[in-house]
Amino acid sequence: MLKNGSKSDKQKKLHVLIVDDDVDLADTVSDILKIEGYKTRVAHSGDEALSAVKDQLPALVLLDIRMGGKSGIETLKAIKEINGEIIVLMMTGSSELKFTEQASRAGASDYILKPIDFVYLKKTLSKFITR
């Protein structure tokens, strides 16, 4: 049991980068993950995400497949070039297999369908990040 109800140092370090051009969705995901004890950062474009990854390597990236500018697949490939160990979960509003297959080939660990089921999201994160 932790003293004074505080979170462990390890838990405080769990950094998740949320990348989506839908500002409201990204902020909502961030707020929910903060409540769960994650440290979060939000980016709204592929270029912004790459800057964030270079600034501070996240434990995990939640990355939208379809964004304006640099696509999620392009961003995924660039993230993996920076550090191939970063776990990337793709978020998609499309259940088309071609996008999820492209993401898998580019190094995505899994994908989350939109609209996001936050209970499922938390379970999926816990599969990839141990606290």
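The values are calculated or read from the model by the stated rules, or taken from the named source; none is laboratory data. Keep in mind it's a predicted model, so treat the numbers as computed, not measured. Neighbour counts run over all protein chains shown; Cβ positions are idealised from the backbone, glycine included.
Only one residue in L17, L57 is under 20 Å from L125 (Cα atoms), outside any helix (DSSP H, G or I) and in contact with a Ser or Thr (Cβ under 9 Å, 6 or more places away or on another chain), so which one is that?
Result of the check over L17, L57: L17.
R66 meets the conditions (1) in contact with a strand residue (DSSP E or B) (Cβ under 8 Å, 6 or more places away or on another chain); (2) farther than 17 Å from Y111 by Cα; (3) not aliphatic (A, V, I, L, M) in every case but one. The failed one is (2).
Out of the residues in the range 63-118 that are hydroxyl-bearing (S, T, Y) and part of a helix (DSSP H, G or I), state the one that is modelled with the highest pLDDT. First the steps, then the outcome.
Residues of the range 63-118 that are hydroxyl-bearing (S, T, Y), as a first pass: 71, 75, 92, 94-95, 100, 104, 109, 111.
Going one step further and asking which of them are part of a helix (DSSP H, G or I), we end up with 75, 100, 104.
On the way: T75: 97, T100: 78, S104: 90.
Per the stated criteria, the residue is T75.
Criterion applied to G46, G107 was being more than 17 Å from L14 (Cβ to Cβ), surrounded by 15 or more Cβ atoms within 10 Å (Cβ to Cβ) and touching a strand residue (DSSP E or B) at 6+ places or on another chain (Cβ under 7 Å), and the one residue passing it is G107. Scanning the range 53-94 for residues that are surrounded by fewer than 20 Cβ atoms within 10 Å (Cβ to Cβ) and under 24 Å from I32 (Cα atoms) gives D55, Q56, L57, A59, R66, I86, I87, T92, G93, S94. Does K123 satisfy the condition of being closer than 21 Å to D27 by Cα and surrounded by fewer than 17 Cβ atoms within 10 Å (Cβ to Cβ)? Against the criterion (closer than 21 Å to D27 by Cα and surrounded by fewer than 17 Cβ atoms within 10 Å (Cβ to Cβ)), K123 qualifies. Among the numbered conditions (1) assigned to a helix (DSSP H, G or I); (2) among the charged types (D, E, K, R); (3) within 17 Å of V19 (Cα to Cα), the only one that K123 does not meet is (3).
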